[in-house]
Amino acid sequence: MIWLPIALTVLAVLLIFAGVYYLFFKKPELLELAIPSNVQKLTTISKINYDPSAVLNSPAFRMLVQYNELPPATTEGRSNPFLPPFSLGRSISTFTPSTSTSTSTSTSTSTIRL
């Protein structure tokens with residue numbers, strides 16, 4: 001009966017050493033594969049010399065027209081999005097630093113009624 005715990009401990013230690021060996025020290029067998037023809041075509045395409053200025057200055061590129069327009073700049077939304085939602089009867093004290101370039105530091109505090 002006393003040999004059972006000893007045998008299980010030895011077996012567990014051997015399994016741990018085998019796992020560490022196969023996980024960290026055993027070199028895996030590498031498979032040699034032929035390069036597919038698509039990859040070979042990609043290597044030839046990647047060797048093509050490309051001059052962006054020739055494309056940007058070409059007459060065909062200059063004839064292109066941009067049909068979409070940039071959205072107009074709007075100032076929608078609250079002036080301070082971090083204020084809590086509007087509630088009745090609350091006032092919020094805000095801290096506004098001075099934007100002057102003088103050496104004195106002046107700040108102003110105002111109260112906003114919501």
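In segment 12-22, is there at least one residue being modelled with pLDDT of 80 or more, surrounded by 10 or more Cβ atoms within 10 Å (Cβ to Cβ) and within 34 Å of the chain's Cα centre (by Cα)? No, the conditions are met nowhere in segment 12-22. Within segment 47-62, can you find the residues that are assigned to a loop (DSSP other than H, G, I, E, B) and of a type in the set (Phe, Trp, Tyr)? Result: 50, single match. Suppose the filter is surrounded by 10 or more Cβ atoms within 10 Å (Cβ to Cβ) and either part of a loop (DSSP other than H, G, I, E, B) or aliphatic (A, V, I, L, M) (or both); does residue 30 pass it? Judged against the criteria, residue 30 is not a match. Comparison of 61, 95 shows that the only residue that is of a type outside the set (Lys, Arg) and modelled with pLDDT of 85 or more is 61.
With respect to the conditions (1) surrounded by 10 or more Cβ atoms within 10 Å (Cβ to Cβ); (2) at pLDDT 85 or above, residue 41 falls short on a single one, namely (2).
The values are calculated or read from the model by the stated rules, or taken from the named source; none is laboratory data. The structure presented is a predicted model; accordingly, all values stated were derived computationally and were not measured. Glycine gets a Cβ as well: all are built from the backbone with ideal geometry, and neighbour counts include every protein chain shown.
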